[in-house]
Structure formats: structure tokens, C-alpha cells
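Below: the structure, in C-alpha cells.
The values are calculated or read from the model by the stated rules, or taken from the named source; none is laboratory data. Not measured: the values here are computed from a predicted model. Cβ placement follows ideal geometry from the backbone for every residue including glycine, while neighbour counts extend to all protein chains displayed. Quick note on the areas: whole protein, heavy atoms, side chains included, nothing else; ligands and nucleic acids left out. Shrake-Rupley method; radii C 1.70, N 1.55, O 1.52, S 1.80 Å.
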Amino acid sequence: MSWLVQSLNSSIGKKFVMAVTGICLILFLIIHLAGNLTLFIGPKTFDGYVHTLEVVKPLIRVIEVILGLIFIFHIFNGTKLWLENRKAKSTKYKVNAASENSSIFSRFMFQTGSIVFIFLIIHLVTFWAAFNFTGHPETKAFEFYQIVVYWFQNEIYAGFYIFAMILLGFHLNHGFQSAFQTFGWNNSKYFPLIQKLGTLYAIIMAVGFASIPIYFLITGGN
Amino acid sequence: MKLNMNIPEGHISEKWTNHKFNMKLVNPANKRKFDVIVVGTGLAGAAAAATLGELGYKVKAFTYHDSSRRAHSIAAQGGINAAKNYQNDGDSIYRLFYDTVKGGDFRSREANVHRLAEVSNNIIDQCVAQGVPFAREYGGTLANRSFGGAQVSRTFYARGETGQQLLLGAYSSFNRQVKLGNVQVYHRKEMLDLVLADGRAVGITVRDLVDGKVESFSAQAVILATGGYSNVFFLSTSAMNCNATAIWRAHKKGAAFANPCYTQIHPTCLPVHGEGQSKLVLMSESLRNDGRIWVPAKPGDHRPPGEIPEDERDYYLERRYPSFGNLAPRDISSRSAKYVCDEGKGVNGGKAVYLDFADAINRIGEDAVRDKYGNLFEMYENITGENPYKVPMKIYPAPHYTMGGLWVDYNLMSNIPGLFVTGEANFSDHGANRLGASALMQGLADGYFIVPYTIGNYFGSEKPEKVDVNRPEFKEAEQNVKDGTNKLLSINGSQTVDEIHKKLGHLLIDKVGMSRDEAGLKQVIEDIRKLRDEFWSDVKVTGKAEDLNQNLERAGRVADFLELGELMAVDSLKRDESCGAHFREEHQTPDGEAIRNDEDFSYVAAWEYVEPGKWNLHKEDLKFEFVELATRSYK
Amino acid sequence: MSEKNINLKLHIWRQESPSAKGSFEEFKVSVSPHASILEMLDDLNNRLEKEGKIPISFESDCREGICGTCGLVVNGHPHGPLPKTATCQLHMRNFKDGETLYIEPFRAKAFPVMKDLIVDRVGFEKIQQAGGYVSFNTGSAPDANAIPIAKEMADLALDAAECIGCGACVAACKNASAMLFVGAKVSQFALLPQGQPERYERVQFMVAAMDEAGFGSCTNTYACEAECPKGISVKNIARMNRDYIVAKVAKRTA
């Protein structure tokens, strides 16, 4: 297996890991968002949706472990890349003209990713842990909809959530098409389409996820 | 000194074949016992190093660049000739041979030129196999275009970047041998002396351009592939670093310098914009297919070109050469431009003529012109800031290629045993004038297909011994190099190297440029000597010897140019005829055509260095057995 | 050719040796709009030499935009702000009177500064030596027309082969990645039949050499393509990625 470790550790290997894990996460986000959107229908539907997941708990646990590993790979590898790349460019220019030759989304993947990572930790504690183990912060009840309402009534929490989702959109906007480039699927006929699709996807994700805290902020959950 | 051409016996078409059979071979197992030094890694050098490495010799290759891919071969635009006859238009080896001899105004060696034509086809095969992306037809076969001086379409090309692609091809084969360990490459080292022992070339002394260290390398043979000397004119189309130092120092160690006066001035270059100009840029000759060349008919007419009416313009090439018109050969076009500008009819009274596409745009439309020349027009606009679709281009001739170089025999060996010279650095194939798309051909022919054979013959028949770099000859060369460097640094005068180089350039382009005459040449020899004295008493070279010092590098090169420039004038003076690029005012027809003198000057002038400012002339008589001497006419 | 000179303030990076600490030195120049930026430096150097000062070291050779020797970073742009133009072809009419220019060397760990504006690009040599060739010996080539090559493929290969090896891609990349350079060479051969036998070894050798030389990884910002004086496309990087992945996953070689 040394060839595998070696290959994945090469410059292209690291790109490849980012792309493969990235695509997995892109797919995961679609499912996640679809589930979240049931919140708009009402407490019953949402709680029902979460209960349905309870039924297939063992399968969910397996998926969670895999997902966790994918996240870890993506984050660990991304951080490593960032550190190594910084070392490869140890001296910066006095005058920086990067804004004229590359998009802002592409240049700040580590920064947007890092904030999304912080978000992820908070998100896991406030929602994942609450849904699975700790329940509502105050009532300790496993009323999932109420947990969501509780957190999104908190303006600071909701604000950070929305902010993180915008950055997630930035991250995805570059990540989506970047993955295709990494796999070598860059052809003048369809690559512009992929780039547009990536932007569309990123907007849907950012708006979709951010719409929920906005909704609860405005409506107060009633 | 005796010149032995070593031309094989037999019919011209059999000489090379016979010679290959008769040459001594080196046993494959013995090849690795032979070290070869290759100086210069352009087309001729990289090709030779790669092929010698493949054969099993141990090669040490030297370049003053950071990579062998930087050599100026890379800038050749147009293409490379070969007698493939893929176009079925009647081309043949013999025709390529004949065109080249005629193009060179019957001043080249028949046997060498025929061999060049013979191997031309192998070069195309070789380059395609290397992955050189030549232009193709839709059916997948190779495309050709036609070029000046030929009536057949035999030029292979890769857009306007043929030289780049061919050099990268040679560079790739070269790199393969570096990886395999057969070629050791030394970057950023400049050869500053040739070392002889027992009358043979046994090594070189170099200066490391990064830390200034002077050291020597030994080998059983040395190949110089160091290019031409157009930069002697200061302004030329050569790269900034092109220089004559390697061949000049070899010349001073005894290698004969042949035909130094044959220097090609290319007609379609961008004019000089001011004193600060560093080099000249060539615009492809193909522009003359559709552009019309003219100047204001009256001297002192400084109106913008659009305001000069048709009847007040002088389309001088069309006037003087009605049948060839704007497509007259390079030397004639260049000279004519000089004449009209000397009469004060140049653009704004200066040194430029118009190359006007207005008629072509009217005839075939701007889009069709863009199709044909779009990239050249873009380049022109980028450099000059003027739109050539609206305003006529301004052009002027510029030094471009040097047919002269170190004298070599049929084996490409100089008169010093063990010293081989290839590519533009030798004098061998182009006579008094080179045809377009022939320089790439010659460099690669020498490197891939000629010198690797003939060097084996030298090893096989002469069996040169390995020589230790600790021998006194090497120590002496190193000391000379260090002394020379220290001398340059110690003068501390008031003029910079560039200032003196520019003065030399002005002298040469004026008196040893497109046209020459006895009085001017005698004068310029005196002037160059004075300038040389001025250099050695008043030049200012800054910095240290043991450092990266570009000022010092240039100073050494200019010191050599100051000697070479004199020899060019001496050779021009001696060659009392007009031939090819060498035009003597005294020898022209009433309407300004060159008059060759085959009776007295059908020879190669090989100059032996005696002491500064003194040379002995040795003549190699040129015999034309297979082509008939004729007068070139383009009327 | 008589337009007025333009006056500029220059901040030029000066560094005596690889280990020395460099800094910017300020110069004021007046230059013809027709001169190139390198001719401006020639003129400045001539002035410095006359004053007995050490001239600014910078590299250039062909001055026609093809040899790849030159390369300055002008106001943050490798080869200056004009797209698809090498430093040597950058003329002063592109700047305004009174402008301030920062002139720096290419920055990358794999391109250490040797002196002033000169960097060492030996890493590129190592990459090319690792596999940038077709293995065959002189004399063994078949007739040039024996293998027909579609015009489209020949043109695409030439698009890639136009790379001048200047290193602007590395200089522009925030990660100092050399993938555009390597991708261009890998692509040239991958597109041509001559390159097929060694296609999958080549990409592995060249990528390994690239990693070895200390270049960073590509994060697909495409700054390289934007700054490349030859406009080499990042599609060449995609092609290299694909070949590399195929080589690692499906081939038994190397």
C-alpha cells in the first residue's frame, strides 16, 4: 500500500483527496439541506423526519462515521496543503496584484474553510449532540423543532450561522468547479457549464441553509 | 598553417555515403572512454551533445544560460528547409543543394552543402519523432510553406515559432541523456579560453558566472556551437548575450577564422527608436508578400504618410526591380533601403522606410490580411504602439546572421585537431548569403547527423589521449583568464562598456554594413584600433571578479568584438568584389547590381591570427564541379 | 518618435547574494515611451556604472518574448501588468507619467534569489530532465509522414508547447506551484502519438521531480494562466491531473 500513501501525498494526490472528499461533502449537503427544508413545513413534519432517521439508526451511525472521516480527511489535508503552500511561497510581494489575476473565492479557500470548520464544531455541539444525546438546552426534551427554534432565536448564533453559510457558499463556488479541474474534466465545451452549475449550487446551498435562521429570526418560530 | 579540406572523392551525391563507410569507428565499449566538451547548447550544441550521449560518449555540455532552452536558436520564426518533396512540386536533394549554393552567391563549399541537403530529410523525421508539433494539413500530413530564394514549397514550420519548437526538441533529447548520465550539463559557465596540448584541443577554461570561479575541463575533443557574432554591431537581432568570445579565443589560439566579412543584414526589422535601444526585432520576411515598400520621393518631406499623395511616393524596389519588386532578396532589399535613407528620403529624414498594407487591405480586405499576418501585426503594435492596419509599418534593415565563422574542413573540424565547430559558429554552408529557413537546418544537420560521425573518425584514427587538467597548459589558460578579468576591473576609466560597444556598432554598421568601399574600410580599421585603445585605457567596469557580475561579462565580450570588428573590415577590404551580403561600392553595374569576381575571389578567406591587429590570409580555393557559376539576377 | 519622456519613481529589489538580506532601493528615471522596461533598466545601469556604482543585476536574452530568460514582477504582476506579454516586450508607453513602480524578483522558495532580480530556476531543469522527452535515439526515426496526426491535435500540442519556461506561473501562484509549466509539457506529449508509449511514466516522473524541487500544490486559482506571457491554458493542468490519476490507479508502471 505504500504506492497509495505515496500517491496521495504527491501534489496531485493531495488535490485529488480534496476533490474526492469535497464532492462527497457536496452531495451530503444536498441531502442535508433537503432535510432541513422540512422545517418550513412545521414541527410535525420536521420531528417526523428526524424520527424516521432514528428508525435506521445503525445505518445512520455508519454513515456518520464515514462522513466524519471524510470531513477529517478534507480538513486535515486542506490544512496540510495550506501550510506547505505557504512554505513554498515564503516571501510575499511588496505589491500584491492577486485580485487582478484570480478570483477571491479561489484565494481564500483555507480561510473560508476554517470558519466553516468552526461553524461545524458549534453546529455539532448545538444540533447533532442535542438531537442525539443532550436534548433541548433548557427542557432537555428531544423536541427537535424546538431545539432549532431555541438556537435561531439567539441573534448572535443565527448571525454567525448566516455568516458561515455565506462563506460556505464562497467555498463551494470555487470547490465545485475546482474538483472537476482536479479530476481532469476540463473541456472547453462543458467546463463553462460546470462553473455556472457550481455557482448555482453554491448559491442554492448558501441561501437554502441561511434561509432557515432568517425565517426563525423573523417569525420567532411561530 | 595548412588548410586540408578532407573532401572525400567521388561524385557529389556519393561523397557523404562513401565517407561514412570509410570513416574509422569506435567500438561501442570504448566510446565511454572518450570525453567530449560541447560549448553552447542551442540547436547545434544540444543536438550534438544528445546524439554523442546516445552513442555512449561522455559529454560535458556548457552554457552561460540557466537552461539550455534559452539559446537564441529559439527565436527563429519562419521554418526549416528539407528536400522531402512532400508537395510533389519537383523538389529534390539536388535542387536544395543548388538553391543553397546559388543563394550563397557561389562562395560556399559544394561538398558540404550537398551533404546538408542530403541530411535535411532526416532532420524532419528526427524532429517529428521527438514530438515537435509541426504544422499539419487536415489529413494529418505535414504542411509546408515557401520561402525566399526557392521556387518550391519545402519549408516546415510551427506557427511563427519553429526555432523554439526545434530547440525544445533538441533540448528534450539532451535532457534524456542528462538523466541517463551520459551528458553532464554545466549551467552559467562561460568559456573564456581554449586549451591546447601538443597541438590538439584538449579542453576549455571557463568562468562561473555566479561566483566568478575560474576552472578548466579536459576532454579528447571540443565542439564549439556558440553561434554567430552579429552582436559586434551592438544593435542586431541577436539575443543580448550572444557573443563571439568562444570562437574568438579559439581563433587566438590558432583556429582560422573564415569569411568574417559575410554578415547578413535582414531587411524587415523594426527601426531604431532612440539611443536607449538595446536590440532590434525582426519582422518575418513573409510580410513582403503583401506589403509595398516606399519612401517620400522628395528628401525632407516630413508629412504623415497618409498625406503624401501617390505620385509623391517612391516605391523604390518596384521601380528598380520590376520583376521581383518587393520580393527582391534580402541583401538587395536591405541595400536599397540604406540608399534611399542616405539620400534623406527615409521616414522623417531618419533611418526607416514604410511597409504599407493599404493596397493589400483594399484588395483582399482587412480580415484577409489579419488572417495571414495577424500575429505579426499584433507584435508590431505591441512594440511600436502604432496600428499597422491604419498607418504603414516602419522598417529598417538590421544585422541578423553571420555566414562567416571558424574555418572547418569537411568533418567540421577546424585546423586545430580535436576542435570541431558547428552551427552558426562555423563558416561552412551558406557562402556569402544565407537563404531563409536554412539556419535551423544547418544547426541540426551539424549536431545530429554530421559531427557525431566525424568525431568518431577523429577518435578512431587519431586515438587522442586523456589529458589531465593539472597540466601547465590549463594552469596557464586559467591564469590568463584571471589576468584578463583583473585588467578589465583595474582600468576604472570614464566610459561604460555599452558606450564603447555602441561606438563600435556605429562604426561597423556605417562602414562594414550593407555596403562598403575601400576608403571607408581603411578609415574604419584605423578607427577601430583607436577605439580599442580607448577601451583598454578608459573603460569602467564595476564590481568584483568573484561575484555575479554582468558588467564584467559584457566587458570581456566587447573586448573581443573590438578585435573581431577589425578583422571583419580587413576581410572586407581584401575581398575586392561584391558577392552576396558583401557589397563593395567599387564593384557594381551602372544600375547598382553586385559584380562578382570569380577569377580572383572564388576562395574562402581563412585568417590566421598572428598578433593584435595582424593576420595571415590563407585561401581555400572553391571548385564548382557540379553547379555552374552564374550571375544572380532579380531584375 | 519624439513624444515626451515619462518620469517614474522606481523601487527596485536589491540583494547582494542568496544569503544577504535584500531591500528596495529607490530610483528616479526619465524614459522614452518607446523604450521597453528592460531598456529603461539598461539606461539606469549605464548611469550607475558611470557613477561607479554596482548596476542592477537582471536577466534577459532574446528580448523578443520567446526565450523565457527575463521575468520581473512589476507592481505585483509577473512580466508586468500587460496580459500575454513578456517583460522584454513591455513598453513604457503602458505607464503614466509620475507613476511609481515596484520591481521585484519572482518569489518562490523553489526559485531562490541569486542577486537583485535574478532567481535560480534550476527546478525547471530537474523537471524536464525527469521525463520531458520521447525516448528514441538519433537515426531511428521513421519517415515524418508515416504517422498522420490530426491537425487539431497538432495545434493543441503546439498550444501547450509554446510555453517559454519563464516561471511566471510559479511567480504568480500564491502557492508557487509549477503545475502549469509541467502540465504544458506533459500535455504536449500526451496529445501526440509519439508521446504515448511513455505517457504514464512521464507524468509520474515529472510530477515527482516537481514535488522534489519544492514547488507548492495547485489550488486551481488560475492566476498562472492569467499571468502567462503565452496564455498557456489551465486545461493542460487538468490533462496532467487526469493522466496522473489514471497512471496511479490503473497502470502498473513506475
Next on the checklist: Suppose we filter A:GLY22, A:GLY48, A:GLY68 for residues that are out of contact with any Asp or Glu (no Cβ under 7 Å at 6 or more places or on another chain), in a helix (DSSP H, G or I) and within 14 Å of chain C (Cβ to nearest Cβ); which single one remains?
Outcome noted: A:GLY22
Checklist entry - Is there a residue being touching a Pro at 6+ places or on another chain (Cβ under 6 Å) and not assigned by TED's automatic domain parsing to the domain that holds C:THR87 anywhere in segment C:205-218? => result no
Checklist entry - Considering segment C:1-18 alone, what residues qualify as being part of a strand (DSSP E or B) and either surrounded by 15 or more Cβ atoms within 10 Å (Cβ to Cβ) or without any contact (Cβ under 8 Å) to a residue 24 or more places away in the chain (or both)? => result C:ILE6, C:LEU8, C:LEU10, C:HIS11, C:ILE12, C:TRP13, C:ARG14
Item to check | Hits in segment B:352-369 (condition: of a type in the set (Gly, Ala, Ser) and assigned to a helix (DSSP H, G or I)) | outcome: B:ALA358, B:ALA360, B:ALA368
Next on the checklist: I need a count of the residues in segment B:552-580 that are in a loop (DSSP other than H, G, I, E, B) and open to solvent by less than 10 Å² (accessible area, probe 1.4 Å).
Outcome noted: 4
Item to check | All positions within segment C:19-45 that are surrounded by fewer than 18 Cβ atoms within 10 Å (Cβ to Cβ) and of a type in the set (S, T, N, Q) | outcome: C:SER19, C:SER23, C:SER30
Item to check | Checking B:ALA360 against (1) touching a residue at least 24 places away in the same chain (Cβ under 8 Å); (2) in contact with a Gly (Cβ under 9 Å, 6 or more places away or on another chain); (3) within 28 Å of B:ARG303 (Cα to Cα); (4) open to solvent by 40 Å² or more (accessible area, probe 1.4 Å), the condition it does not meet | outcome: (4)
Next on the checklist: Where the second residue is open to solvent by less than 40 Å² (accessible area, probe 1.4 Å) and the first is among the hydroxyl-bearing types (Ser, Thr, Tyr) and lies in segment A:73-97, which pairs have Cβ atoms under 8 Å and are six or more apart or on separate chains?
Outcome noted: A:THR91/C:ARG107; A:TYR93/C:VAL73; A:TYR93/C:GLY76; A:TYR93/C:GLU104; A:TYR93/C:ARG107
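Results for (1) closer than 16 Å to A:SER11 by Cβ; (2) outside any helix (DSSP H, G or I); (3) at the interface with chain A (Cβ under 7 Å from one of its Cβ atoms), shown as yes or no for each residue.
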{"position": "C:ILE147", "(1), (2), (3)": "no, yes, no"}
{"position": "C:GLU152", "(1), (2), (3)": "no, no, no"}
{"position": "C:GLY183", "(1), (2), (3)": "yes, no, no"}
{"position": "C:ILE232", "(1), (2), (3)": "no, yes, no"}
{"position": "C:MET240", "(1), (2), (3)": "yes, no, no"}
{"position": "C:ILE245", "(1), (2), (3)": "yes, no, yes"}
Item to check | helices (runs of 4 or more DSSP H) contained in segment B:472-551 and holding at least 3 residues within 14 Å of chain C (Cβ to nearest Cβ) | outcome: B:472-491, B:497-511
Item to check | Residue among A:ILE115, A:ILE70 that is among the β-branched types (Val, Ile, Thr) and under 17 Å from A:PRO213 (Cβ atoms) | outcome: A:ILE115
Checklist entry - Which of the residues spanning segment B:187-213 are among the acidic types (Asp, Glu), open to solvent by less than 30 Å² (accessible area, probe 1.4 Å) and in contact (Cβ under 8 Å) with a residue 60 or more places away in the chain? => result B:GLU190, B:ASP193
Checklist entry - Which number in (1) open to solvent by 50 Å² or more (accessible area, probe 1.4 Å); (2) out of contact with any Lys or Arg (no Cβ under 7 Å at 6 or more places or on another chain) marks the one condition that B:LEU287 misses? => result (1)
Item to check | Within segment B:43-62, considering residues that are open to solvent by 10 Å² or more (accessible area, probe 1.4 Å) and not in a helix (DSSP H, G or I), the one farthest from B:CYS269 (Cα to Cα) | outcome: B:GLY56
Checklist entry - Could you say which residue among B:PHE449, B:PHE377, B:PHE427 is in contact (Cβ under 8 Å) with a residue 40 or more places away in the chain and either in contact with a helix residue (DSSP H, G or I) (Cβ under 9 Å, 6 or more places away or on another chain) or under 30 Å from C:PRO81 (Cβ atoms) (or both)? => result B:PHE449
Checklist entry - Which one of C:ARG252, C:ARG202 is open to solvent by 10 Å² or more (accessible area, probe 1.4 Å), basic (Lys, Arg) and more than 9 Å from every other protein chain (Cβ to nearest Cβ)? => result C:ARG252
Checklist outcome for this item: Checked against (1) open to solvent by less than 50 Å² (accessible area, probe 1.4 Å); (2) in a helix (DSSP H, G or I); (3) within 14 Å of chain C (Cβ to nearest Cβ), B:LYS20 satisfies every condition except (1)
Next on the checklist: I'd like to verify a number: residues in segment B:139-151 that are open to solvent by 10 Å² or more (accessible area, probe 1.4 Å) and modelled with pLDDT of 95 or more, how many?
Outcome noted: 2
Item to check | Test for C:THR138: is it without any contact (Cβ under 8 Å) to a residue 40 or more places away in the chain, assigned to a loop (DSSP other than H, G, I, E, B) and open to solvent by less than 50 Å² (accessible area, probe 1.4 Å) | outcome: yes
Item to check | Those residues of segment A:1-21 which are open to solvent by 50 Å² or more (accessible area, probe 1.4 Å) and more than 17 Å from A:PHE180 (Cα to Cα), in sequence order | outcome: A:MET1, A:SER2, A:TRP3, A:LEU4, A:VAL5, A:GLN6, A:LEU8, A:ASN9
Next on the checklist: I want to confirm something. Restricting to segment C:205-223 and keeping residues that are in contact with a Lys or Arg (Cβ under 8 Å, 6 or more places away or on another chain) and closer than 26 Å to B:ALA129 by Cβ, which single residue is surrounded by the most Cβ atoms within 10 Å (Cβ to Cβ)?
Outcome noted: C:MET206
Checklist outcome for this item: Residue pairs within 8 Å by beta carbon, gap of at least six or interchain, first lying in segment A:50-65 and touching a residue at least 60 places away in the same chain (Cβ under 8 Å), second surrounded by 11 or more Cβ atoms within 10 Å (Cβ to Cβ), listed first then second, are A:VAL50/A:PHE131; A:VAL50/A:PHE144
Checklist entry - Within segment B:140-162, can one find any residue that is part of a helix (DSSP H, G or I), within 12 Å of chain C (Cβ to nearest Cβ) and at negative phi? => result yes
Item to check | Residue count for segment C:123-133, restricted to those that are surrounded by fewer than 21 Cβ atoms within 10 Å (Cβ to Cβ) and at the interface with chain B (Cβ under 7 Å from one of its Cβ atoms) | outcome: 0
Item to check | Meets criteria (at pLDDT 95 or above and either farther than 18 Å from C:VAL73 by Cα or acidic (Asp, Glu) (or both)) for C:PRO197 | outcome: yes
Checklist entry - Using beta carbons and a limit of 8 Å, which pairs, at least six apart or on different chains, have the first residue in segment A:99-120 and within 11 Å of chain C (Cβ to nearest Cβ) and open to solvent by less than 30 Å² (accessible area, probe 1.4 Å) and the second one hydroxyl-bearing (Ser, Thr, Tyr) and assigned to a helix (DSSP H, G or I)? => result A:SER106/A:SER178
Next on the checklist: If C:GLU49 meets every condition in (1) outside any loop (DSSP other than H, G, I, E, B); (2) more than 7 Å from every other protein chain (Cβ to nearest Cβ) apart from one, which number is that one?
Outcome noted: (2)
